[in-house]
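Chemist: Please read through the structure below; I'll follow up with questions.
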Amino acid sequence: MRLLLAEDDALLADALSAQLRQAGFDVEHVENGAVAEYLLLRQSFDLAILDLGLPMLDGLSVLKRVHAAKPSFPVLVLTALDDLESRVTVLNAGAEDYLTKPFDFPELEARLRVLLRRSQAASQAAPAASTLGRLLLEPQARRASVAGEPLELSPREWTLLEQLSTHRDQVLTKEQITQAWSGDGGEAGSAGAAGNSIEVYIHRLRRKLEGSGLSIRTVRGLGYLLESGEAPRG
């Protein structure tokens, strides 16, 4: 149970880290939001405890960015803010739970274990990771990598890549792409605007898939096809 604790109060962080380790957690403590974001997006954790009042990058910004990249990742927000507006904002930003300071450790531990149970249940029901050529897709975390190097994908790019891989060796129509984008909840935009920008996203994905052993072929008048083999350069 690997846990990231993002808390800038050194005394609280030391005490909390010790209690969490006694409870069986492998704790990584960071003191600012910039490092928290970097580690959460690039390393593997089971869950995170996030203070809102972090230096360098505030906790709410960290939460939003992590939730955009890993929608199912469980985060418990720990903060002194106790007003309704703050709770609603944090939960809408992607937090799974919210606990105000001061708090009792047994309650925090119980909430963390509930988050872990939910996450594990969702993981068991989620689609497994898959490999296509040198491309690794991790649907639960909405991550992709080529030969071990992570791909930086926007929400629409991820959805497009996921749809192409699901329909591998089949033509994916523009209508199917537009429909998938409309239900993605990622980047804003009308269905018509999405349709007009498909070529732009296809072009971006082609560049990002270089070295993957895959290419995206345009089937004129029909749509797009993900197939084995590198696209010709030029």
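The values are calculated or read from the model by the stated rules, or taken from the named source; none is laboratory data. Note that this is a predicted model, so its numbers are computed, not measured. No Cβ is skipped: glycine too gets one built from the backbone with ideal geometry, and neighbour counts run over all protein chains shown. When the accessible area is computed, the model is the full protein with side chains, heavy atoms only, and any ligands, DNA or RNA have been set aside. Shrake-Rupley method; radii C 1.70, N 1.55, O 1.52, S 1.80 Å.
Chemist: So with the 1.4 Å probe, I'd like the accessible area per residue for the chain, rounded to whole Å².
Modeler: Value returned for the chain: 52 Å² of accessible area per residue.
Chemist: Also: What are the DSSP H helices in the chain that stretch 20 Å or more along their long axis, judged by alpha-carbon atoms, and whose average Kyte-Doolittle hydropathy comes to at least -1.0?
Modeler: 105-125, 191-208
Chemist: Once both labels are modelled 7 Å past Cα along the beta-carbon direction, what's the Asp9-Phe105 spacing in nm?
Modeler: For the pair Asp9/Phe105, the computed spacing is 1.5 nm.
Chemist: Further question: In vacuo Debye scattering of segment 32-160, one point per C-alpha: log10 I(q)/I(0) at q = 0.10, 0.11, 0.13, 0.18 Å⁻¹?
Modeler: -0.35, -0.42, -0.58, -1.03
Chemist: Provide the FRET efficiency to the nearest 0.05 for the His167-His67 pair, computing r from the beta carbons and using R0 = 30 Å.
Modeler: Between His167 and His67 the formula returns 0.65.
Chemist: With a 1.4 Å probe and every protein chain left in place, tell me how much accessible area Glu85 has, in Å² to the nearest 10.
Modeler: 140
Chemist: If R0 is 25 Å, what FRET efficiency do you get for Ser228 and Ala121 from their C-beta distance, rounded to 0.05?
Modeler: E(calc), rounded to 0.05, equals 0.10.
Chemist: Turning to a different aspect of this structure: Just to be sure I understand: of the beta bridges DSSP finds with both ends in segment 1-139, what percent are antiparallel, rounded to 5?
Modeler: About 15 percent, rounded to the nearest 5.
Chemist: For the chain, what relative contact order do you get, as a whole percent, if you take Cα pairs closer than 8 Å and at least 6 residues apart? Please report the intermediate quantities before stating the final value.
Modeler: Values: 369 pairs, mean separation 30.1, N = 234.
Computed over the chain, the figure is 13 percent.
Chemist: Please report how many Lys pairs in the chain have alpha carbons closer than 25 angstrom, counting only residues at least 8 apart along the chain or sitting on separate chains.
Modeler: Values: Lys64/Lys101; Lys64/Lys208; Lys70/Lys208; Lys174/Lys208.
Close lysine pairs under the 25 Å cut-off: 4.
Chemist: Of all beta bridges DSSP finds with both residues in the chain, what is the antiparallel percent, to the nearest 5? Provide the component values of the computation, followed by the final result.
Modeler: Details: 17 of 34 bridges.
Taking every DSSP beta bridge within the chain, about 50 percent pair in antiparallel fashion.
Chemist: First compute the accessible area of the chain with a 1.4 Å probe, then give the percent of it belonging to carbon and sulfur atoms. Walk me through the numbers before you get to the answer.
Modeler: Numbers: 6100 of 12190 Å².
Using a 1.4 Å probe with all protein chains present, the chain comes out at 50 percent carbon and sulfur.
Chemist: What is the calculated FRET efficiency for Arg204 to Leu39, with r their C-beta to C-beta distance and R₀ = 25 Å, to the nearest 0.05? Numbers along the way, then the final one.
Modeler: Working: r = 27 Å, r/R0 = 1.06.
Here the calculated transfer efficiency is 0.40.
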